[in-house]
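Report on one structure; see the data block that follows.
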Amino acid sequence: MYDEKKLEQIKSSFVDWDENKVGKQLSKNPERKETFTTGSDKKVERLYTPIDTAEMDYERDLGYPGEYPYTRGVQPTMYRGRFWTMRQYAGFATAEESNKRYKYLLEQGQTGLSVAFDLPTQIGYDSDHGLSEGEVGKVGVAIDSLRDMEILFDGIPLDKVSTSMTINAPASVLLAMYIAVAEKQGVSPDQLRGTIQNDILKEYIARGTYIFPVEESMRLITNIFEYCSKEVPKWNTISISGYHIREAGSTAAQEVAFTLADGIAYVDAAIKAGLDVDDFAPRLSFFFNAHNDLLEEVSKYRAARRLWARIMKERFGAKKEKSLQLKFHTQTAGSTLTAQQPDNNIVRVAIQTLAAVLGGTQSLHTNSRDEALALPTEDSVRIALRTQQIVAHESGVTETVDPLAGSYYIESLTNDIEKEAMDYIEKIDNLGGAPKAIEKGFIQKEIQNSAYKYQMQVEEQERIVVGVNKFRIEEKDKKELLKVDPHVELLQKKKIEKLKSTRDNEKVEEALEVLKAKAETDENLMPFIIDAVKEYATLGEVCGVLREVFGEYEQSVIL
Amino acid sequence: MNIEERLLKGDKRACARLISLLENNDEKAVDIIKRQYHKTGNAYVIGVTGSPGSGKSTLTDRLTKELRAEGKKVGILAVDPTSPFSGGAILGDRIRMSDLALDKDVFIRSMGTRGYLGGVSKATWGAVKALDIYGCDYIFIETVGVGQSEVDIVKMADTVLMVMIPNMGDDIQAIKAGIMEIADVFAINKSDLDGADKTKLEIEMNLDLNEKSDYRPPVEKVSAIKNEDIDVLLQKVRDHENYLKETGKLHERRRRNLKVEIVQLVEEELLKMIMQKALEGDLLEELSHQVEKRTQDPYTAKEKIISLIRE
Amino acid sequence: MDKPIRVLVAKPGLDGHDRGAKVIARALRDAGMEVIYTGLRQTPEQIVAAAVQEDVDVVAMSILSGAHNHLFPKVVRLLREEGIEDVLVLGGGVIPEDDIPGLVEAGVEGIFTPGTPTKEVIAFIKENIKKK
């Protein structure tokens, strides 16, 4: 961006400044540490100058918002047109209580719903299954059948709200239930807007709520892509996630690399299943983490957008604009929340919110201050929502698009992260792609090494966590925490009993038989799953049939 | 609590405790083995070896399930490397055998090598005996992995099962020397991968070149994760077992191995005796300082230490 | 070599967040302990069966899903039913302070919540394992 002569001039004046001005300062007052690093342990220089971005070409490397390679954003007017969707993840205990919380949040100005399911639901078990003991309703809402789903969305117009469901292994079943509930409301599938997370690869890597083996899971995922591209065209069929990978301990560059590598695997699978890339790629979406190092995070999002655009264009030959655009949801980093002095978490979340917004996120969930300890209280979750609203309306960062562009540091870091991520993706390609890399444990090992390194840095005080290893106090102030009623399990069990005695069990049997037979073929299973849930087959029954045919994923340890 | 009595009654905890005592060189444990030694010799020992990542644990899990279907009692010793720096270890083989944890006729024990080179741990010998007395019909020993030095499994197993995966490539060259010779049965795991047939061919060719005895190790393709051809593989192991029993070679082999074991025990004891003396009064420390300073050579140092035992 | 302390690290229930459990496992290994890591989705019965066969000194469990009040005491109870009184039982994860006294009473001797340095866990184990 500078001509040769000017650049040479700057190079020499920089050396001059460094040796003299800086040198003098250092001899009087040395810097606080030997090395300065980002939150991901990347070395940070004292100063960034035009020298660092000399090779860049504005149109080629940055481009305009809404134009390839989308470094500056996927949309030309961004938040001047519309703020990001404020979408707080919520759900706990029963469908009735969750429904109440959703209505509360919508009243308070939340603009989209985000459903959290409990672990048995996420793993395809009914509330009365042996392994569900103690887990029912704890980390999200328990959904055992279409009946629970109907209660969950009671009084919530599905043609007006967009709903994101954090569900992976049994995503097909929950989506089927959502479609069925909408139908009862008189809303046709082509009006539905929302997302299902549906990203099984990251489950194997970092989150653990898998059911079926890899191949069979990919089949279900591509079934959903195909079905929705025809019947539910406004639905985002996958949220390729880096959030959990980062939470498991990865660095920012690894978060980009492993997420995009997973994305590549899904695109590969869909193409292999006979779909045209431009038919499903526009509906792929992503989910990233918003961590503490604000500047690194902003660079990370920009790097991800540019890298994905290049991959879609050059590797997959996608033609549609929407196929090249990386749209993403963000959640502030749960693992940065401390149990000590929990009010400090409000500040952390505010910084992380700024990072996500300056990075151009399409939607955002902000964590509540008490989440290192429990699910959030109504008060805590309101503050989390207000954090987003204050950034949106009071901070000024939304008045122009991609304000940090052009910063020597930000552009330099964006380039670095992109390069590092590309290197990782190449390694993963050489291993045979993300699924193979996961089988070999490569991705998991990288993450664990980063996680261990981080922990040791904290314990050695090389990395400060305020309130935990520095600025500690005698914790005495006991906060009011949310407690989940332990009777939820009992309630759900009773509901299941009642359901099974009032539904047409013959029709259920039939539908499950058909599903089982179809699962053994190559046919798209969505219509048959929808049929089964409409007869009020339980989640556990549907997944049970699929478990029979597909088998279960077996974990291996990579430590 | 009387470990011995409970062990004979088939109490899992007693067996587990006995193995711990053996690992910790406890004299009581050795006494128990001494008294019950006449009860050993019934269990058939299968050594499972192969590079890390070849699927040894999953395969052991599948083979065990096959044996369980026949009503056999199975013991599994899974060995993993101890860190030479910290002395600690991550023993993770159980994960691939989760289902078996609750089977009352399966006993799984994870062991760290604790500094012993050879692919197993020093206490593995004793642990096998403990499981034998406990009543196992079959005992699997899963070694750390296969490398040039890790061939101790031959000294303990009746059948050595070598697990490989397709596309070993250059690795096959490396492992040909000596390691190939120790296997009685070859399993090519992950048979769904490309190159399984090629790998099988390469091994067969290598076996052709080295044909000596009247027993030819079979090479079987399996997929542990998909549970394919496990019964075929088990049959091949059985065939080897029958071959050894019918020809009387089992006794020969075990005698040979026990001889090695006796020598090993003697070596250990002697070394302990000598080094104890050497460590008393820092003799070893002194000598090593002198040798480093070149006022003494290592050979003379050795003589000085050995002369202690002659006293 | 001093005989290494044997620790079973397990994740009971359905929670799949294993970053903490893995970091602890590595830290314990680096402190010279033998760590039997049994991975995800362990039932209390499986954990106890493993503890018996591996003759461990410590059972360390991690739960982030809120199911600790049910699952931790169940493990302690099953251990006692096996006649095991000399194993140190520890718990970690997302555990509200209010729940800690109940868990301690149920037999979980150490509870390590978010932010606990691994050094603390190691020291606790060394000071509290029982003579067998």
Scan around residue A:406 for amide H atoms under 5 Å from its own, H built in the peptide plane at 1.01 Å from N, and keep only partners 5 or more places away or cross-chain. A:411
Can you give the mean number of other chain Cβ atoms that lie within 10 Å of the Cβ atoms in peptide B:100-107? 3
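Give me the Kirkwood hydrodynamic radius of the stretch A:1-91 in Å, from all C-alpha pairs, to one decimal place?
It works out to 17.4 Å.
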Set of the stretch A:115-156 residues, backbone N closer than 13 Å to the point 7 Å along the Cα-Cβ line of residue A:493: A:127-136
Each residue of the stretch B:89-94 in turn: what ³J(HN,Hα) in whole Hz from Karplus with 6.51, -1.76, 1.60 and θ = phi - 60°, glycine and Pro shown as x? 7, 9, 9, x, 5, 4
Rounded to whole Å, give me the distance from the Cα center of the stretch C:64-96 to that of the stretch A:278-299. 39 Å
If you take every DSSP beta bridge fully contained in the stretch B:3-247, what fraction is antiparallel? Give it as a percent rounded to 5. 5 percent
In whole Hz, with x marking every Gly and Pro, tabulate ³J(HN,Hα) for the stretch B:245-255 from phi via Karplus 6.51 cos²θ - 1.76 cosθ + 1.60, θ = phi - 60°. 6, 5, 8, x, 5, 5, 4, 4, 4, 5, 4
Using a basic spin-label model with each label point 7 Å from the Cα along Cα→Cβ, how many nm lie between residue A:5 and residue A:104? 6.8 nm
Using per-residue counts of other Cβ atoms within 10 Å, averaged over each peptide, order A:470-476, A:369-375 from highest down. A:369-375, A:470-476
Built amide H within the under 5 Å cut-off of residue B:89, gap 5+: B:83, C:33, C:34, C:35
Using Cα pairs closer than 8 Å and at least 6 residues apart in sequence, work out the relative contact order for chain B, in percent. 17 percent
Using alpha-carbon coordinates, inclination of helix A:488-502 to the longest axis of chain A, degrees: 40 degrees
List the residues whose amide H sits under 5 Å from the amide H of residue B:108, counting only those 5 or more places along or on another chain, with H placed 1.01 Å from N in the peptide plane. B:76
If you fit an axis through the alpha-carbon atoms of helix A:214-231 and take the longest principal axis of the Cα set of chain A, what angle between them do you get, 0 to 90°, nearest 10? 80 degrees
Estimated inter-spin distance, residue A:386 and residue B:251, nm [label 7 Å along Cα→Cβ]: 8.9 nm
Between the alpha carbon centres of the stretch A:384-408 and the stretch A:103-175 the gap in Å comes to 31 Å
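Between residue A:463 and residue A:314, what is the FRET efficiency for a Förster distance of 22 Å, r being their Cβ-Cβ separation, to the nearest 0.05?
0.05
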Shielding of C:58-64 by partners, i.e. mean partner chain Cβ atoms within 10 Å per residue? 1
Would you tally the net charge around residue B:83, using a Cβ to Cβ cut-off of less than 11 Å, leaving residue B:83 out, and scoring K and R as +1, D and E as -1? 0
Taking a virtual spin label 7 Å from the Cα of residue B:72 along the C-beta vector, which residues in the stretch B:122-146 bring their backbone nitrogen under 19 Å of it? B:128-143
Cα-based helix-to-principal-axis angle, A:344-358 vs chain A, degrees rounded to 10: 80 degrees
Separation of the stretch B:183-214 and the stretch B:243-272 by C-alpha centroid, Å? 28 Å
Pop out the ³J(HN,Hα) list for the stretch A:141-149 in order, Karplus 6.51 cos²θ - 1.76 cosθ + 1.60 with θ = phi - 60°, rounded to Hz; leave Gly and Pro as x. 7, 8, 10, 9, 7, 4, 4, 5, 5
Can you give me the Kirkwood hydrodynamic radius for the protein assembly as shown, using every pair of distinct Cα atoms, in Å to one decimal? 31.2 Å
Given R₀ = 30 Å, FRET efficiency for residue A:25-residue A:470 by Cβ-Cβ distance, to 0.05? 0.70
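Rounded to the nearest 0.05, what FRET efficiency do residue A:36 and residue C:128 give with R0 = 35 Å and r taken as the Cβ-Cβ distance? Could you check?
So the FRET efficiency works out to roughly 0.30.
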Please compute the contact order of chain C in relative form: average sequence separation of alpha-carbon pairs under 8 Å and at least six residues apart, divided by the residue count, as a percent. 25 percent
Say each of residue B:297 and residue B:192 gets a label point 7 Å from the Cα, pointing the same way as Cα to Cβ; how far apart are those two points in nm? 6.3 nm
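No value in this document is a laboratory result; all are computed from the given coordinates. Values in this document were obtained by computation on a predicted structure and should not be read as measured data. Don't worry about glycine lacking a Cβ; one is built from the backbone with ideal geometry, like all the others, and counts go over all protein chains shown.
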